[in-house]
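Comments concern the structure below.
The values are calculated or read from the model by the stated rules, or taken from the named source; none is laboratory data. Just so you know, these numbers come straight off a predicted model, no measurement behind them. FYI the Cβ positions are ideal-geometry reconstructions off the backbone, even for glycines, and counts take in every protein chain you see. Surface accessibility is based on the protein's heavy atoms, side chains included, excluding ligands, DNA and RNA. Shrake-Rupley method; radii C 1.70, N 1.55, O 1.52, S 1.80 Å.
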Amino acid sequence: MSVRIAPSILSADFAALGDAVAAAERGGADLIHVDVMDGHFVPNITIGVPVVKSLKRIATVPLDVHLMIEEPDRYIDAFVDAGAAMISVHVEVLPHLHRTVHAIQALGAKAGVALNPGTPVAALTEMAADVDFVLVMSVNPGFGGQTFIARSESKVREVRALLDRAGNRAPIEIDGGIDRHNVARVVAAGASIIVAGSAVFNSPDPERAARELKAAANGAAAPTPR
Ligand code: DX5
Ligand code: ZN
């Protein structure tokens, strides 16, 4: 299966989100990653349901909504209504993870469980058969442009092994500090959904940056645009 890329609009110009999404899509984005932060679970505050709703009107690929918030159960309905096709929630804030994952699925969205760098893979053990995808954070969530934490590579391998033991083919998404130089390593470890914020949107040419990242993720040189 080919590797999907999910440019994160966190590093885009929030005054021109439509242009950012269009450029990422022209560059081959398979998903648009939307980082929702509440200023409690993480130190930063970003965007919420109304922005997802507006993005849904213009995006031609599915919206992948990463909830870095406390009490995500309160907002899941609203994000699915707004157009989220995939929702990831953090295991660190969820005493009733099983209920939350099944609630997301019952609303018709794909349910992902996200693990912070400091959270052991074992936190996922009881849910390994249930999740639609796993999001391995390769930086501490809260900000774009941070440095990839090297341990994340072996963590992806551990998550893959856990899912395989549970008979679950669910993909692993990796998020934080990914660029075209390190993407091949995380793909080799088992990641098949690649989030990238600054590597795409801090580039002077996000379309080209997305295309190059996708090519690197799939082990090829970027095709020359006509
Ligand atoms: C970090 C967010 C990421 C962020 C990644 O808290 O979850 O999705 O946008 O940005 P980069 O790719 O710049 O590390
Ligand atoms: Zn994210």
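Restricting attention to region 27-42, the residues that are more than 13 Å from ligand 2 (Cβ to nearest atom) and outside any loop (DSSP other than H, G, I, E, B) total 1. Within the bounds of region 136-146, is there any residue that is touching an Asp or Glu at 6+ places or on another chain (Cβ under 9 Å), over 22 Å from residue 54 (Cα atoms) and more than 16 Å from ligand 2 (Cβ to nearest atom)? Scanning region 136-146, I find no residue that is touching an Asp or Glu at 6+ places or on another chain (Cβ under 9 Å), over 22 Å from residue 54 (Cα atoms) and more than 16 Å from ligand 2 (Cβ to nearest atom), so the answer is no. Looking across 6, 22, 59, 12, one residue alone is within 15 Å of ligand 1 (Cβ to nearest atom) and open to solvent by 10 Å² or more (accessible area, probe 1.4 Å). It is 12. Number of residues in region 109-129 that are closer than 26 Å to residue 44 by Cα and either within 16 Å of ligand 1 (Cβ to nearest atom) or not in a loop (DSSP other than H, G, I, E, B) (or both) equals 13. Checking the structure you have, find out if any residue of region 138-154 is within 17 Å of the chain's Cα centre (by Cα), farther than 17 Å from residue 11 by Cβ and open to solvent by 50 Å² or more (accessible area, probe 1.4 Å). Yes: region 138-154 contains one or more residues that are within 17 Å of the chain's Cα centre (by Cα), farther than 17 Å from residue 11 by Cβ and open to solvent by 50 Å² or more (accessible area, probe 1.4 Å). Within the set 195, 183, the sole residue that is crowded, with 21+ Cβ neighbours inside 10 Å, away from ligand 2 (no atom under 15 Å from the Cβ) and modelled with pLDDT of 95 or more turns out to be 183. Cβ separations smaller than 7 Å between residues 6+ apart or across chains give the following pairs from region 167-182 residues that are over 14 Å from residue 138 (Cβ atoms) to residues that are surrounded by fewer than 17 Cβ atoms within 10 Å (Cβ to Cβ): 167/129; 168/129. Examine region 68-77 for a residue that is open to solvent by less than 20 Å² (accessible area, probe 1.4 Å), of a type outside the set (Asp, Glu), in a strand (DSSP E or B) and within 12 Å of ligand 1 (Cβ to nearest atom), and state whether such a residue exists. Looking for residues that are open to solvent by less than 20 Å² (accessible area, probe 1.4 Å), of a type outside the set (Asp, Glu), in a strand (DSSP E or B) and within 12 Å of ligand 1 (Cβ to nearest atom), one finds at least one in region 68-77, hence yes. Got at least one residue in region 166-173 being surrounded by 18 or more Cβ atoms within 10 Å (Cβ to Cβ), within 16 Å of ligand 2 (Cβ to nearest atom), farther than 30 Å from residue 130 by Cα and at pLDDT 95 or above? There is no residue in region 166-173 that is surrounded by 18 or more Cβ atoms within 10 Å (Cβ to Cβ), within 16 Å of ligand 2 (Cβ to nearest atom), farther than 30 Å from residue 130 by Cα and at pLDDT 95 or above.
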